[in-house]
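*Asks:* There's a structure below that I have some questions on.
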Amino acid sequence: MTEALFQPIETLPGISKKRAGLYHKIGIMTIYDLLYYLPRDYKDYREPVAVREAVPDQINVIQVMIKNKKNMIYTRSGTQLFLADAEDNEKTPVGIVIFNQRFVFQSLVPGECYIMCGRMIYQQKEHRFVIQNPQILKDAEIPIEAIYPQISGLTSAMIRTNIKACLSILDESGFETLPETIRAACQLMPLIKAFHVMHQPETLEEIEEARRRLAFEEMLRLQCGLHVLKYQSKTQCRYRMQDVAMKPFYDSLPFSLTTAQQKAVQEILMDLKADKPMNRLLQGDVGSGKTAVAAAACYFCIQNNYQCILMAPTEILAEQHFQTLCDFLHPLGISVTLLTGSLKAKEKKERYAAIADGSVKMIVGTHAVFQKAVIYQNPGLVITDEQHRFGVAQRAALAEKGNTPHKLVMSATPIPRTLALMVYGDLDVSVIDVMPNGRLPIKTYAVTGGYRQRVLRFMMQELKQGHQAYIVCPAIDENQASELKSVTAYADQIREQLLSDWQIDILHGQMSPQEKELSMQKFRNHETDVLICTTVVEVGVDVPNATIMIIEDAERFGLSQLHQLRGRVGRGQAQSYCILITEHATQEAKERLRLLSNTTNGFQVAEADLKLRGPGDFFGNIQHGLPPLKLAPMTDTVMLHEVFSAVNQLLSDDPALQKPEHAALYAEILSMFQKQGITELH
């Protein structure tokens, strides 16, 4: 009977082709999918209030008896108006107003009692309440009613009817995904009961218990999927490396690695020498020196005669890594090449040939590095920077191209440990938690727009000392409907009024790759003094001479994003500053900005951001490449640890989830990951 659950939604009784199409638009393809279309809210009809206690202009639930019905009237706009008089059991009068619903009005019988839910308006002239267009039930036949997210063309009543049919099929199937041992250990209700409670609750209290069951399973599916991927990669290795002398690399550096960098290098080299592929996350705050650690790993790999690939999410960041790795590796006789989408056909062809014959060992690029036309000779190490901007399918494509090479993921986005376990559950973790010697903490100040002129004068003092500045705006172009500062308008204004003696340039996401690179190149070469930009500079732009960043409308950004932006300064030996300007900050926004002013520790910032905004907003618009989580409360550390324990229990004797008793769970996990482009997990 389980098969019936996974039949197309159009096979459900009462689903027309048109209605099926509406469901398809929101990703509901099967009967089982519809069960996961959970209510956004509930109306509780069990405890109606007395009419005299109703809250004006709010939704209220009342129980009344119909006294009489009046003739329909038309308003000037042509609306049909149906009116009735009623009273509650205290004899308090109330008017009923129904718009354009003749059938609903006709169903009301004088002398009968009804539960009604609707907005209550107090009429001063008549000294009574009226309830407008109420939801009407006879004798509370549905004690708690599920209210679903709006779908154009479908009402909550239609969805409830369809889900009722789904629940009948679910009951007959006896479907369950979690073993009884896990449910008992974690005190989880059966799946069938959880769906019944979510869609047809009898009490509000049991809804949370049902939600916990579904959230737990969602989290467990993600973790199991990531661990199965990790198990798969650990069982295939073609690139076990031998010890090589690292002294030439260390001697060529113009600085000494910090203890944290040295520890990270040792962990990576141990992985590269093991008989299983490395699958490691290198996490460090902005400016902590992750690229130097990655360069050490690349040197080790290349000395073992393997190729290394470093993939970055943007051309600006790829160019930055290319320049840095050239500085590290060229003195050691190692050639580095760059692959990006904006290369001319002739350049691509030449670089493809050099990669294919193995004459180039270090390849840096954007997603262009895993295009079909790129053929590697012997790729032993793949490094992805800012991994949360890539999907798991992209990671898999790159691994497949290299026959499962060692993988190193770099991230400058500080992620709280609980969230990191979810996002990078298939990776071992190295953390660089010490800043390079000589770096001064960035001084951060939050001010109102009234201080803007003083801030700009302070910026000019920095420019007079030979330094450079960033000004970050949230918008690209000026919009009359918005008061947000825009890059283009700000640049025009500042050129005219304040900075006529300085070279000003702009940088934003709508510029072509060539325009962006030219803008950044001029800033790196100090041909530009002030770069007015959007958050396109958030990641990877490294100009040690830039000592001041001004962020306009700072309340519009999350704490972690502000911290990332702040990390573009403070990369040299001079004292650097980040000034946050706000015009319309709420009390909560002021508190967030005050916190950022008081700490430069990215992990503390990330923890605060997670608490303030929740995991759904933590990443902003950045795609972290994982199946979306709709229910899992990632701030619930107790549940997280219960999930990790359950995953360990499940996978301890069945690491690939291939036993018959795990078939249903495996199918659900596979379905979850297929939406991200992963077609198999073993």
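For every residue, the table says whether it meets (1) over 16 Å from His467 (Cβ atoms); (2) within 20 Å of the chain's Cα centre (by Cα); (3) in the same structural domain as Tyr577 (by TED's automatic domain parsing).
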residue	(1), (2), (3)
Thr528	no, no, yes
Asp542	no, no, yes
Glu552	yes, no, yes
His563	yes, yes, yes
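*Asks:* Given the structure, is Met362 at pLDDT 85 or above, farther than 30 Å from Leu640 by Cβ and buried (at least 20 other Cβ atoms within 10 Å of the Cβ)?
*Replies:* yes
*Asks:* Restricting attention to segment 17-36, report how many residues are within 16 Å of Lys164 (Cα to Cα) and out of contact with any Leu (no Cβ under 9 Å at 6 or more places or on another chain).
*Replies:* 1
*Asks:* Look at segment 78-127 and say how many of its residues are under 14 Å from Ile62 (Cα atoms) and without any contact (Cβ under 8 Å) to a residue 12 or more places away in the chain.
*Replies:* Residues in segment 78-127 being under 14 Å from Ile62 (Cα atoms) and without any contact (Cβ under 8 Å) to a residue 12 or more places away in the chain: 1 in total.
*Asks:* So, in segment 238-296, of the ones that are in contact (Cβ under 8 Å) with a residue 60 or more places away in the chain and of a type in the set (Lys, Arg), which residue ends up farthest from Asp433 (Cα to Cα)?
*Replies:* For segment 238-296, the residue satisfying everything is Arg238.
*Asks:* Evaluate segment 41-60: report whether one residue or more is touching a residue at least 12 places away in the same chain (Cβ under 8 Å) and part of a helix (DSSP H, G or I).
*Replies:* The answer is yes, given that some residue of segment 41-60 is touching a residue at least 12 places away in the same chain (Cβ under 8 Å) and part of a helix (DSSP H, G or I).
*Asks:* Could I ask something else about it? If you check Arg556, Arg571, which single one turns out to be more than 21 Å from Tyr490 (Cα to Cα) and of a type in the set (Lys, Arg)?
*Replies:* Arg571
*Asks:* On to the next question. Just for segment 159-177: of the residues that are surrounded by 14 or more Cβ atoms within 10 Å (Cβ to Cβ) and in a loop (DSSP other than H, G, I, E, B), which one is farthest from the chain's Cα centre (by Cα)?
*Replies:* Here the answer is Phe175.
*Asks:* Could you tell me which of the residues Ser152, Ser156, Ser173 is out of contact with any His (no Cβ under 8 Å at 6 or more places or on another chain), of a type in the set (Gly, Ala, Ser), modelled with pLDDT of 90 or more and under 23 Å from His24 (Cβ atoms)?
*Replies:* Testing whether each residue is out of contact with any His (no Cβ under 8 Å at 6 or more places or on another chain), of a type in the set (Gly, Ala, Ser), modelled with pLDDT of 90 or more and under 23 Å from His24 (Cβ atoms) leaves just Ser173.
*Asks:* Next question, about the same structure. Just need a number here: residues in segment 202-214 that are modelled with pLDDT of 90 or more and surrounded by fewer than 21 Cβ atoms within 10 Å (Cβ to Cβ).
*Replies:* Matching residues across segment 202-214 total 6.
*Asks:* Also: Please find, within segment 128-141, the residue that is farthest from the chain's Cα centre (by Cα) out of those that are without any contact (Cβ under 8 Å) to a residue 40 or more places away in the chain and assigned to a strand (DSSP E or B).
*Replies:* This residue is Arg128.
*Asks:* To continue, here is another question. So, His526, is that one assigned to a loop (DSSP other than H, G, I, E, B), modelled with pLDDT under 85 and either surrounded by fewer than 19 Cβ atoms within 10 Å (Cβ to Cβ) or basic (Lys, Arg) (or both) or not?
*Replies:* For His526, the condition - assigned to a loop (DSSP other than H, G, I, E, B), modelled with pLDDT under 85 and either surrounded by fewer than 19 Cβ atoms within 10 Å (Cβ to Cβ) or basic (Lys, Arg) (or both) - is not met.
*Asks:* Tally the residues that are at pLDDT below 85 and touching a helix residue (DSSP H, G or I) at 6+ places or on another chain (Cβ under 6 Å), restricting the search to segment 581-597.
*Replies:* Adding up the residues that qualify gives 5.
*Asks:* Just for strands (runs of 3 or more DSSP E) wholly inside segment 365-468: which have at least 3 residues that are modelled with pLDDT of 90 or more and more than 26 Å from Arg571 (Cα to Cα)?
*Replies:* Because the criterion is at least 3 residues that are modelled with pLDDT of 90 or more and more than 26 Å from Arg571 (Cα to Cα), the strands (runs of 3 or more DSSP E) in segment 365-468 that meet it are 379-385.
*Asks:* Taking Gln303, is it farther than 30 Å from Lys516 by Cα and within 33 Å of the chain's Cα centre (by Cα)?
*Replies:* Answer is no for this residue.
*Asks:* Right, something else. Out of everything in segment 113-143 that is of a type in the set (A, V, I, L, M, F, W, C) and at pLDDT below 85, what residue ends up being farthest from Arg46 (Cα to Cα)?
*Replies:* Only one residue fits best here, namely Ile136.
*Asks:* Within segment 28-35, can one find any residue that is part of a strand (DSSP E or B), under 30 Å from Ser671 (Cα atoms) and without any contact (Cβ under 8 Å) to a residue 60 or more places away in the chain?
*Replies:* Within segment 28-35, one or more residues are part of a strand (DSSP E or B), under 30 Å from Ser671 (Cα atoms) and without any contact (Cβ under 8 Å) to a residue 60 or more places away in the chain.
*Asks:* Restricting to segment 306-347, count the residues that are among the small types (Gly, Ala, Ser) and under 16 Å from Lys516 (Cα atoms).
*Replies:* So the answer is 4.
*Asks:* Under 7 Å between Cβ atoms, at least 6 apart or on separate chains: pull out the pairs that start in segment 445-471 with a residue that is closer than 20 Å to Ala554 by Cβ and free of Cβ contacts under 8 Å to residues at least 40 places away in the same chain and end on any residue that is outside any strand (DSSP E or B) and of a type in the set (S, T, N, Q).
*Replies:* Note: no pairs meet the criteria.
The values are calculated or read from the model by the stated rules, or taken from the named source; none is laboratory data. Keep in mind it's a predicted model, so treat the numbers as computed, not measured. As a convention, Cβ positions derive from the backbone with ideal geometry for all residues, glycine included, and neighbour counts pool all protein chains shown.
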